[in-house]
Each structure stands twice: as structure tokens, then as C-alpha cells.
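Encoded as C-alpha cells, the structure appears first; notes follow it.
The values are calculated or read from the model by the stated rules, or taken from the named source; none is laboratory data. What you see is a predicted model; the values in this text were computed from it and never measured. Reconstructed Cβ throughout: ideal geometry from the backbone, glycine too, with neighbour counts over all protein chains shown.
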Amino acid sequence: MTAAVRDLLADVDRRLTDSQLAPSVRRDYPLAAHTTYRVGGPARLFVTVNDGAGLATLASIVADSSAAGGPPPVLVVGRGSNLLVADRGFDGLAVALGSGLATFEIDAATVTASGGALLPVLARASADAGLTGFEWAVGVPGTAGGAVRMNAGGHGSDMSESLLEAVVVDLHRGGSTALRAEELNLGYRSSSIAKHQVVTSIKLQLKFGDRQAARAELAEIVQWRRANQPGGRNAGSVFTNPENAAAGALIESAGAKGLRIGSAEVSPKHANFIQSDEGGCAADIVEVMREVRRLVTAEHGVDLAMETHLVGFEPWELP
């Protein structure tokens, strides 16, 4: 960490200590428990915000500090289901949304949810309300905000199919903006939402349908995922699917299924998943990623793109 970044974080720390957020600030806070890989080092600063007022305060603090010395590194942590943090940790400010920003309501066929609302909960509640179009989300262990940022999807659908708008807070500039779905540049596992922006709420437009059929589809999706994808310590699909191909099939045909390096292994159940052992480390996972990419490139001439977000790694460490 450079002296400039250290000074920036110290300034943010002082401002947080003098604010209403002081009780929720943690220093050198371990991030492993906030990721589904259950590995990774600490964040230099970690703060949980539980309501809109707290988030506005945080945005003002970070924006003021940015104006004084440049923006500090910021990481927005949802459920950590698509995140790998380096063993050395993250030299910046990590932000998590608390229970007060995990609520939702359903009005006719419109679902409004806070950024921290869990996708499986939204999927089940929507089905129980007789709504269809969001069943796919029952198998995605992320939050509404994170799902918008990466345009999460599965089973033939994604967020772009039902998203009307999202409210985004910019931690570098302060303030919030309501953006229509078409303004977010939603693509395959991508959007225009930056790392320093927090999705605080979303609005979905679903369709009225048969409640029992929706519930049956939920059960079918859950059963399919249990049969075809591993549980445990992983972060879902590691690589995005190249055009006209499946990353898992390419990895398997390149002979990488079951590949193990140290405490990390390509899942024998699904080749686009990497499993981490209890007590494992992020460095082993990255090494497996690197070797998988090398093997697929050698065998198929395809350079797999990362779907997992890597945080805290030096450029030369990245796969």
C-alpha cells in the first residue's frame, strides 16, 4: 500500500469515527467469512450500513475524502458469492449492506427490493405471490444489488429480463441516481455499474401466472442445481461462457476436471467450479484458475474470461 493510499484511508477512518457510523466500523476486518470461498485476508476498513441515511453519510465521507486526496479503494461486499479476496487482504474500504437494506415489497406484479435483499428469498416470495419470471434466481446465492451489477442469470434468463430500474449511490462523488435498466448497459454478466457504486434498491416487473406452477419450477431448479453443481466452498461459475461454447465443457475436455493444486480443486461434479478446502487459501485457487486457462488455451485456442471478481491481487498474480 502506498503512502498516499494509507493517508487517504486514515482520513476516511477519522471521518467515520466522528460520524454516526462509528459503531459499525471495523479495522483489519477478516473478509473470509463474507465470501462463499471462505478464504481471503482482512479489509483495512470495513463498515456496515443499515439504512439510507447511513449510506448517505458514508457516501458524503468518501466523496469529501476523494475531493481532498483522490478516491480511496472501495469494495462493495454482498454475499461474496462471486468474489475471491487475496490472502493479504484488501487495502481499502469494504462496505456491506446490513439487514435494514435487505427488505422488499410486492405490489401487484412489481417487486421493489433493497440492494441487500437475497435473490432466493425474492424468487420464492414472488412465486408465492403468483408471479412468474424470476424463478431462475432461486439458485443464485447473491443479493439484488450484486445481481444487477453483474447481470446475474441462469436457466435461460437474467436480471435484464425483468429489471425496470436501479437506484445507485456513487461513493466517490456522493449522491444517488435512479437509472432505468436501459441506462445500465446490461450485457452477459456485465453492466456499467462501477466498483465504487452501490445499488441500494431495484424494481422488477414480473408477470401474473400460476402459483403452483411457479413453485414447481422453483423446486425443479433447486433439484437440478443440487444434481449438477457442487455445494460447499466455491463461488459458482469461475469463467464466463465463450460464444457458442460452455466453459465447463471446454475445461473438462482439456483434462482439467479434478485438477488440484494445494487446497483448491476443479470440481469433479462441474468443471467450471473450483472448490476450496476448509482452511484453504486464495493463492491456491488463483493457481488453479491460471492452470485451467492455460490448458484450455493450449487445447482449444480459447482464452477464458473471468466471471469471478478478484480483489487485492497484484497484476502479476492474476490468472
Segment 54-66 - residue that is among the hydroxyl-bearing types (S, T, Y) and either in contact (Cβ under 8 Å) with a residue 40 or more places away in the chain or not in a helix (DSSP H, G or I) (or both) and, of those, surrounded by the fewest Cβ atoms within 10 Å (Cβ to Cβ): S60
Checking G89, G69 in turn, the sole residue that is more than 24 Å from S201 (Cα to Cα), touching an Asp or Glu at 6+ places or on another chain (Cβ under 7 Å) and not assigned by TED's automatic domain parsing to the domain that holds T177 turns out to be G69
Can you find even one residue in segment 210-217 that is surrounded by fewer than 17 Cβ atoms within 10 Å (Cβ to Cβ), of a type in the set (A, V, I, L, M, F, W, C), farther than 28 Å from A63 by Cα and touching a residue at least 40 places away in the same chain (Cβ under 8 Å)? yes
Name every residue in segment 294-319 that is assigned to a helix (DSSP H, G or I) and of a type in the set (D, E, K, R), in order of residue number. R294, E299, E317
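Can you tell me which of N50, N82 is over 30 Å from M306 (Cα atoms) and modelled with pLDDT under 95?
None of the other options fit; the residue is N50.
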Looking only at segment 271-293, decide whether some residue is surrounded by 13 or more Cβ atoms within 10 Å (Cβ to Cβ), among the small types (G, A, S), more than 19 Å from the chain's Cα centre (by Cα) and in a strand (DSSP E or B). no
Looking only at segment 12-33, decide whether some residue is touching a residue at least 60 places away in the same chain (Cβ under 8 Å), out of contact with any His (no Cβ under 9 Å at 6 or more places or on another chain) and among the polar types (S, T, N, Q). yes
Out of curiosity, is G69 more than 17 Å from R173 (Cβ to Cβ) and in contact (Cβ under 8 Å) with a residue 12 or more places away in the chain? no
So S237, is it of a type in the set (G, A, S), touching a residue at least 60 places away in the same chain (Cβ under 8 Å) and part of a strand (DSSP E or B): no
